[in-house]
Amino acid sequence: MDKRKSIGSEIRVLLVGVGAIGSEIAKLLLKKRNVKIVGAIDPDPNKAGKDLGTILGLEKPLGVTVLKGIENFDGEAEIAIHATTSFLSKAYSQILELIKHGLNVVSTCEELSYPYVVDKKLSQRIDEMARKYGVTVLGTGINPGFLMDTLVITLTAVCQDIKRIRVERVIDAAKRRLPFQRKIGAGLDIKVFREKIAKGEITGHVGLKQSIAMIANALGWRLDEIVEEPVEPIIAEKEVKSNFIVVKPEMVAGLSQKAHGIMNGEKVISLIFKAYIGAIEEYDSITIEGTPVIREKISPCVHGDAGTAAIIVNSIPKVINAPPGLKTMKDLQVPSAVLEDMRLHIKLKKPN
């Protein structure tokens, strides 16, 4: 059955996860034409049972009660927006449940952006199940999903040959949410920072490995390996602060992460991610050494939360239009904003 034939005048969306990012996505969906949120799921006892409008801080209720689990949803929808975790192992069972409900899925799960480098078996299982149920699954976001991979791949289109690629993203974490600032260890003593990194209590950015693998696959490069350098703290030289955290001199303001794609013993793809409170300049830069040389810089950098909400929502028609299976951003139509009626972007098959 063509998954697009049942779509009526509105695209019906199920939200799975109504945290900070899920809420941003929900608010953006409410601004779009011919899109309707028909369900919301979040196990948080402070959210389950409440109207989604209340959770989003709206003046009026939306008539959508937040449910505790996917199994509690008995409505009809075309697509699920999944925003619960960064890790494939935790998202896997949730994604399968959504597939079995016959739902296309767009997920913010960073490892799902190119999951084959995390777990081939789980990735293949998701792909098999999506094909069986005739739906499409995509992991995306601002990064990974766009800035450090899809945008890079797009820029390579004007190159005759390529020797090396270097991508750098620098963020002033003072402009981000408190959970993000905690995620990068802002305000910690250096020793405590290293202990939390070792225990996995600070994750930093998840996705550099996925972005490198996606770029290499798009270019047909067979990498020898992908090397992720140890996460390093960025130390404050003077007092810096956000609305939530004060960072004293010699304390951790944030972190720096680097990863490299190695081919024939050389670093052919290098990704650098820096996020810290007090960054003097924010930017996203891409340098492609080849013919011609490409140097692209966005300054200030694209805001992570706003950008992620946008690319998730803008990917809805692309995912519905795509063939069934597990897809990555390089497999879909060229990404673009959906500014008008979203229903107009759905490509229905002509009758036989």
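The values are calculated or read from the model by the stated rules, or taken from the named source; none is laboratory data. These numbers were taken from a predicted model, which means no experiment stands behind them. Backbone-built Cβ (ideal geometry, glycine too); neighbour counts: all protein chains shown. With ligands, DNA and RNA removed, areas are computed over all heavy atoms of the protein, side chains included. Shrake-Rupley method; radii C 1.70, N 1.55, O 1.52, S 1.80 Å.
Rank 138, 226, 181 by how far each Cα sits towards the positive end of the charge dipole of the chain (+1 on Lys, Arg Cβ; -1 on Asp, Glu Cβ) and give me just the farthest.
138
Leaving out same-chain residues fewer than 8 places away, which aspartates and glutamates sit with a Cα under 19 Å from that of residue 318?
Counting by Cα, and skipping residues close in sequence, residue 318 has these aspartates and glutamates nearby: 2, 10, 78, 110, 127, 149, 331, 340, 341.
Given the options 333, 160, 210, which has the most mean-square fluctuation in a GNM of the chain, springs set between C-alpha atoms less than 10 angstrom apart?
Judging by the Gaussian network model, the answer is 160.
Which one, 66, 77, 20, is farthest towards the positive end of the dipole of region 17-88 when Lys and Arg carry +1 and Asp and Glu -1 on their Cβ?
Highest projection toward the positive end goes to 20.
If r is the Cβ-Cβ distance from residue 339 to residue 65 and R0 is 22 Å, what FRET efficiency results, to the nearest 0.05?
0.10
Using a 10 angstrom cutoff on alpha carbons, build the Gaussian network for the chain and name the most mobile of 45, 61, 335.
So, out of 45, 61, 335, the one fluctuating most is 45.
How big, on average over all directions, is the shadow cast by the Cα convex hull of region 162-218, in nm²?
That works out to 5.5 nm².
For the charge dipole of the chain, defined by +1 on Lys and Arg C-beta atoms and -1 on Asp and Glu C-beta atoms about the Cα centroid, which residue among 307, 334, 287 has the Cα displaced farthest towards the positive pole?
Working it through, the farthest residue towards the positive pole turns out to be 334.
List the aspartates and glutamates whose Cα lies under 19 Å from the Cα of residue 238, skipping any in the same chain that are fewer than 8 positions away.
Of all the aspartates and glutamates, those that pass the test against residue 238 - Cα under 19 Å, at least 8 places apart if same chain - are 172, 189, 250, 281, 282.
If we count every other residue with Cβ under 9 angstrom of residue 66's Cβ, Lys/Arg +1 and Asp/Glu -1, where does the sum land?
Result for the local shell: 0.
Of the listed values [x] 280; [y] 198; [z] 154, grab the one calculated as volume of the Cα convex hull per residue in Å³ from the structure here.
So the calculated entry is the one marked [z].
May I ask what percent, to the nearest 5, of DSSP beta bridges between residues of the chain are antiparallel?
55
Using a 1.4 Å probe on the protein heavy atoms, what percent of the accessible area of the chain belongs to carbon and sulfur?
The value for the chain is 49 percent carbon and sulfur by accessible area.
Please give the net charge around residue 147, taking every other residue with its beta carbon less than 13 angstrom from that of residue 147, where Lys and Arg add +1 and Asp and Glu add -1.
Here the count lands on -4.
At 1.4 Å probe size, with no ligands or nucleic acids counted, give the accessible surface of residue 223 in Å², nearest ten.
40
Let me check I've understood the local charge: for residue 44, count other residues with C-beta under 12 angstrom from its C-beta, Lys and Arg +1, Asp and Glu -1. What total comes out?
+2
I need the calculated FRET efficiency for the pair residue 232 and residue 293, taking r as the beta carbon distance and R₀ as 41 Å, to the nearest 0.05.
My answer for the efficiency is 0.90.
Using the alpha carbon gyration tensor of region 225-352, what are the three equivalent-ellipsoid semi-axes (square root of 5 times each eigenvalue), largest first, in whole Å?
Calculated on Cα positions only, the semi-axes equal 37, 23, 14 Å.
Which value in deg cm²/dmol, rounded to the nearest 500, describes the helix-derived mean residue ellipticity at 222 nm for the chain, given -39,500 (n - 2.57) per DSSP H run of n ≥ 4 and division by the residue count?
Computed ellipticity for the chain at 222 nm equals -7500 deg cm²/dmol.
So, for the chain, what is the accessible surface per residue at a probe of 1.4 Å, expressed in square angstrom?
Here the residues of the chain average 48 Å² of exposed surface.
Please build a GNM for the chain, connecting alpha carbons under 10 Å apart, and tell me which residue among 49, 39, 145 fluctuates the most.
Largest GNM mean-square fluctuation: 49.
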